[in-house]
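Right, one structure below, let's go through it.
The values are calculated or read from the model by the stated rules, or taken from the named source; none is laboratory data. Given the structure is predicted, the values throughout are model-derived calculations rather than measurements. Cβ atoms come from the backbone with ideal geometry, glycine included; neighbour counts cover every protein chain shown. Just so you know, the surface numbers come from the protein's heavy atoms only, side chains and all, with ligands and any DNA or RNA stripped out. Shrake-Rupley method; radii C 1.70, N 1.55, O 1.52, S 1.80 Å.
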Amino acid sequence: MKDIFERLRSGELVELTDPEFFKINELVARTLALTPALNSATSIEAVRKQLAEITGMPIDDTTVIFAPFYTNLGRFIKIGKHVFINHACSFLDMGGITLEDHVLIGPRVNLVTENHPLEPGSRRGMLCKPILIKRNAWIGAGATILPGVTVGENAVVAAGAVVSKDVADNTVVGGIPAKVLKHI
């Protein structure tokens, strides 16, 4: 049987009654305990150090993250080089979030890999799909990227957009739901 985190990241339904759900709760508790130090950091270097502790992976010195920054787990976030993440972003990463090199993330951006079934009887269960933001993409202020979305290389997501479908390389999308505005 696969570990609960493997099942979450592969898109399987995981119910709150799952015998391994305690592992999620333990990781959330750890992340909640580490987050105040991240959000009270007084330098970019300190923010990188604290986020590396949360993610369990080093954050490259070329990457800049402005606090506050929020995540529920953190362990499934991968951040490349020369990435910029502005203030007040929220990354819900149970399904996995990957930011390739040179990605720009505007303020108040939400990357949400988690969802729930429509069926009322299992609605409290978790369904997760990964988010991939490819090289040199730019996610505008206040945009929300939903589970399973890939934002292509050099693509731009306009401020305030809600993205529920993949964005092709070299494309600008905007609106709710996001639609193609133009090609670069």
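Miscellaneous remarks
- Among the residues of segment 11-34, the one identified as under 11 Å from residue 73 (Cβ atoms) and touching a residue at least 60 places away in the same chain (Cβ under 8 Å) is 24.
- The condition (being at pLDDT 95 or above, surrounded by fewer than 16 Cβ atoms within 10 Å (Cβ to Cβ) and more than 16 Å from residue 112 (Cα to Cα)) is satisfied by just one residue among 137, 168: 168.
- Where a residue in segment 157-184 is under 15 Å from residue 103 (Cα atoms) and among the acidic types (Asp, Glu) and its partner, wherever it lies, is open to solvent by less than 20 Å² (accessible area, probe 1.4 Å) and assigned to a loop (DSSP other than H, G, I, E, B), with Cβ under 8 Å and at least six apart: 169/152; 169/155
- Selection count where residues are out of contact with any Asp or Glu (no Cβ under 7 Å at 6 or more places or on another chain) and surrounded by fewer than 19 Cβ atoms within 10 Å (Cβ to Cβ), scope segment 141-157: 3
- Candidates are the residues of segment 105-130 that are closer than 18 Å to residue 15 by Cα and aliphatic (A, V, I, L, M); the one that is least open to solvent (accessible area, probe 1.4 Å) is 126.
- Within segment 37-93, the set of residues being open to solvent by 60 Å² or more (accessible area, probe 1.4 Å) and at positive phi comprises just one member, 82.
- The number of residues in segment 86-135 that are in contact (Cβ under 8 Å) with a residue 24 or more places away in the chain and within 11 Å of the chain's Cα centre (by Cα) comes to 18.
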